[in-house]
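Comments concern the structure below.
The values are calculated or read from the model by the stated rules, or taken from the named source; none is laboratory data. The structure presented is a predicted model; accordingly, all values stated were derived computationally and were not measured. Reconstructed Cβ throughout: ideal geometry from the backbone, glycine too, with neighbour counts over all protein chains shown.
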Amino acid sequence: MDKEPYVGRFAPSPTGRLHAGSLAAALASYVDARAHGGTWLIRIEDVDIQRCSKESALSILDVLARLEMQSDAPVVWQTERFERYEAVLKELIENGMAYGCSCSRSEIQKANLALGREGMIYPGTCRAGVQGAARAIRFRTHDEPITVHDRWSFPFTQCVESEVGDFVIKRADGNWAYQLAVLVDDHDAGVTDVVRGADLIDNTPRQIQLLNALGWDVPRYMHIPLVLNDRQEKLSKQAGALALSDDLLEETERAWTHLGFERIGADRLSAFYPVAIEQWKEKFRI
Ligand code: GLU
């Protein structure tokens with residue numbers, strides 16, 4: 001029987017150094033790809049140019065190299081792909097799936113105080129035609145429930161129009177939104193499997209709606225549990241996440257136990273991965 005194709009990726013946003021949470025995501029995606037005999041890619045999600053830095057990106061790539069996680073193709077940088085995002089945006093606008101919006105934050109606030117999963121739900125003011133000069137571009141959502149069949153946890157269902165609203169795919173300041181960039185990049189790289197942190201499961205129905213609007217395949221998803229700090233917050237630079245120590249073998253063992261496995265107790269990374277891959281195959285019946 002032919003093996004199903006598998007292309008996975010790790011797609012860090014370089015807003016700081018790699019921490020225990022991003023290491024767990026990197027490890028899960030890497031081991032899942034290797035367990036499937038698939039391809040594994042690295043993409044630097046530096047789309048938000050205000051929050052990202054080249055220095056953080058280089059430090060993340062350096063740690064991944066020291067973790068012996070090699071990308072099977074040259075690293076992709078989102079800042080080199082803006083023309084491609086523009087072309088996809090044009091297609092969405094031409095198909096009536098995206099529209100220009102002139103509303104400011106305070107106008108949205110005045111029109112509708114409904115709070116959704118990501119703050120205010122856009123009341124749809126510019127849906128039937130932009131009221132002034134377009135500032136941002138929004139995606140036209142619908143309310144058919146979208147269910148994410150996750151490989152790690154229970155199915156997750158969301159009605160995007162009423163729970164999130166028409167969301168921004170190109171920001172008023174001209175920056176590309178993560179929602180659009182991530183799926184254009186995954187699609188162009190032929191990604192079949194997205195393995196990432198559970199904080200992003202909430203974004204997934206939005207991304208599935210965009211994929212459907214473009215007529216593109218929906219990948220399989222696995223959202224892994226988040227690593228929390230002592231205050232039960234997601235690790236992030238803002239929450240003061242510590243950079244990894246230099247003992248990357250120990251950090252990897254720790255990330256492995258976070259993923260629900262026993263410590264392997266390997267004496268080097270090259271001995272750790274083959275055991276981890278076998279255990280992963282068994283757990284997820286690959
Ligand atoms: N860039 C996102 C992050 O660092 C991950 C995006 C994804 O894996 O889809 O949180």
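Quick notes on this one:
- Residues (under 21 Å from Glu250 (Cβ atoms) and away from the ligand (no atom under 11 Å from the Cβ)) located in segment 1-18: Arg17
- You will find that of Ala26, Ala65, the residue that is more than 11 Å from the ligand (Cβ to nearest atom) and in a helix (DSSP H, G or I) is Ala65 and no other.
- All positions within segment 196-215 that are out of contact with any His (no Cβ under 8 Å at 6 or more places or on another chain), touching a residue at least 12 places away in the same chain (Cβ under 8 Å) and either more than 11 Å from the ligand (Cβ to nearest atom) or not in a helix (DSSP H, G or I) (or both): Asp202, Pro205, Arg206, Ile208, Leu210, Ala213
- Matching strands (runs of 3 or more DSSP E) fully within segment 142-191 where at least 2 residues are within 26 Å of Ile44 (Cα to Cα) and without any contact (Cβ under 8 Å) to a residue 40 or more places away in the chain: none
- Which listed residue, of Pro123, Pro74, is free of Cβ contacts under 8 Å to residues at least 12 places away in the same chain and either surrounded by 15 or more Cβ atoms within 10 Å (Cβ to Cβ) or not in a helix (DSSP H, G or I) (or both): Pro74
- Just one of the listed residues (Ala65, Ala35, Ala57) is surrounded by fewer than 16 Cβ atoms within 10 Å (Cβ to Cβ), more than 23 Å from Gln207 (Cα to Cα) and among the small types (Gly, Ala, Ser), and it is Ala65.
- Contact map, segment 96-107: residues that are assigned to a loop (DSSP other than H, G, I, E, B) paired with residues that are among the aliphatic types (A, V, I, L, M) and exposed (fewer than 13 other Cβ atoms within 10 Å of the Cβ), Cβ distance under 7 Å, separation 6+ or inter-chain. Pairs shown: Ser102/Ala133.
- Some residue of segment 256-273 being closer than 30 Å to Val168 by Cα and either under 21 Å from the mean Cα position of the chain (by Cα) or modelled with pLDDT of 95 or more (or both): no
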